[in-house]
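The values are calculated or read from the model by the stated rules, or taken from the named source; none is laboratory data. This structure is a prediction, so every number in the text was calculated from the model and none was measured. Every residue, glycine among them, receives a Cβ derived from its backbone with ideal geometry; neighbour counts consider all protein chains shown. Surface areas here come from the heavy atoms of the whole protein model, side chains and all, with no ligands, DNA or RNA. Shrake-Rupley method; radii C 1.70, N 1.55, O 1.52, S 1.80 Å.
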Amino acid sequence: MPDTQLTIWGRANSVNVQKVLWCLAELSLSYQRIDAGMQYGKTREPNYLAMNPNARIPTLVEGDFVLWESNSIMRYLCMAHGRGTPIYPEAPKSRAGVDRWLDWTLSTVQPVDRPVFWGIVRTAPAERDMVKVQKDADTAAEVWAIADRLLATRPFLEGDAFTLADIAVGAYARRWLGVEGITRPAQPNLTRWLAELGRRPGFARHVAPPMS
């Protein structure tokens, strides 16, 4: 294991940073975190752009190694610091099953999550367009129905074991089920699963705090 310290650049209320911090907690890894993004700035500064040309968060730094994209960071942490961990199984078919959910968060969940979350949590009450937000929420509900149906047959997304799939999707599910002011269909399996994730210390510390 490298003897250099892990550093995570990114603000604690970013869902993508939260995923990485939760993963670090599951692996019992120590790290330092540097606030960056939104009110903290830094991401457009030359030194940061040299690390991450996207000017986004999170970014991982370990010695002279730099990595961006939250799902890639989680995979790296498991492979470099958690070999054999059940949260990222080594068997090719099992790993591919986990990877598809990480991809699903980017291709399917994130596009429908963002307008709902930003339309309420990061928009002043006087400026909210709740008609539009509800329309966006109706679209998001169709996506979350996919996970709800699947979770009717298993405790976690990939079966009996908690994996990175649950971290990646669970961080977004907290926002979906936690945002106020919208009408959502009952999704009992999703709700049960999120409550189970809520018992994990990494979720409680990094994902459960009030959204901002």
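If you plug each phi of the stretch 200-206 into the Karplus form 6.51 cos²θ - 1.76 cosθ + 1.60 with θ = phi - 60°, what whole-Hz ³J(HN,Hα) values come out, in order, with x for Gly and Pro?
Karplus values, whole Hz, x for Gly and Pro: 7, x, x, 5, 4, 7, 10.
Dimensions of the stretch 163-212 along principal axes (Cα, Å, largest first)?
29, 25, 16
What ranking, highest mean first, results for peptides 38-48, 145-155 when packing means the other Cβ atoms within 10 Å averaged over each residue?
Highest-to-lowest ranking by the protection proxy: 145-155, 38-48.
Check each of the trypsin sites (Lys or Arg not before Pro) in the stretch 76-116 and keep only those in coil by DSSP with at most 14 other C-beta atoms within 10 angstrom; list them in order.
Loop-located and lightly packed - Arg83.
Find the all-direction average of the projected area of the Cα convex hull for the stretch 12-65, expressing the result in square nanometres with one decimal place.
The directionally averaged projection comes out at 4.0 nm².
Which value in Å is the Kirkwood Rh of the stretch 94-160 over different Cα pairs?
13.4 Å
Output the Kirkwood hydrodynamic radius of the stretch 117-212, Cα pairs only, in Å rounded to one decimal.
14.2 Å
If you roll a 1.4 angstrom probe over the protein chains with everything in place, what fraction of the accessible area of the chain belongs to carbon and sulfur, to the nearest %?
So the carbon and sulfur contribution to the accessible surface is 53 percent.
For the stretch 1-105, what is the percent of antiparallel DSSP beta bridges, rounded to the nearest 5?
About 75 percent, rounded to the nearest 5.
Okay, helix-only estimate at 222 nm for the chain: each DSSP H run of n ≥ 4 adds -39500 (n - 2.57), divide by all residues, round to 500 deg cm²/dmol; what do you get?
Computed mean residue ellipticity for the chain: -15500 deg cm²/dmol.
What does the convex hull of the Cα atoms come to per residue for the chain, in Å³?
Looking at the chain, the number lands at 121 Å³ per residue.
For the stretch 20-28, what does the Karplus curve 6.51 cos²θ - 1.76 cosθ + 1.60, with θ = phi - 60°, yield as ³J(HN,Hα) per residue in whole Hz, taken in order and with x for Gly and Pro?
Result, rounded to whole Hz: 5, 5, 5, 4, 4, 5, 4, 8, 6.
Given H placed on each backbone N at 1.01 Å, which residues far from Arg33 in sequence or on other chains put an amide H within less than 5 Å of it?
So Arg33 has HN proximity to Ile8.
Regarding the stretch 38-82, what is the average projected area of its C-alpha convex hull, in nm²?
3.5 nm²
Taking the Cβ of Arg154 as the center, what net charge do the other residues with Cβ under 13 Å away carry, scoring Lys and Arg +1 and Asp and Glu -1?
Neighbour charge sum, excluding Arg154 itself: -3.
Return the whole-Å distance between the Cα centroid of the stretch 5-78 and the Cα centroid of the stretch 108-124.
21 Å
Could you list the GluC sites (Glu not before Pro) in the stretch 41-137 that lie in coil according to DSSP, counting only those with at most 13 other Cβ atoms within 10 Å of their Cβ?
Answer in residue order: Glu90.
Taking the stretch 133-186 as the region of interest, what is the percent of Cα-Cα pairs per 10 angstrom bin, listed from the shortest bin to the one with the maximum distance?
That works out to 22, 52, 23, 3, in percent per bin.
Ordered by residue, what ³J(HN,Hα) values in Hz, to whole numbers, does the stretch 182-192 give under the Karplus form 6.51 cos²θ - 1.76 cosθ + 1.60, where θ = phi - 60° and Gly and Pro are x?
So the J values, rounded to whole Hz, are 10, 9, 10, x, 5, 10, x, 6, 5, 5, 4.
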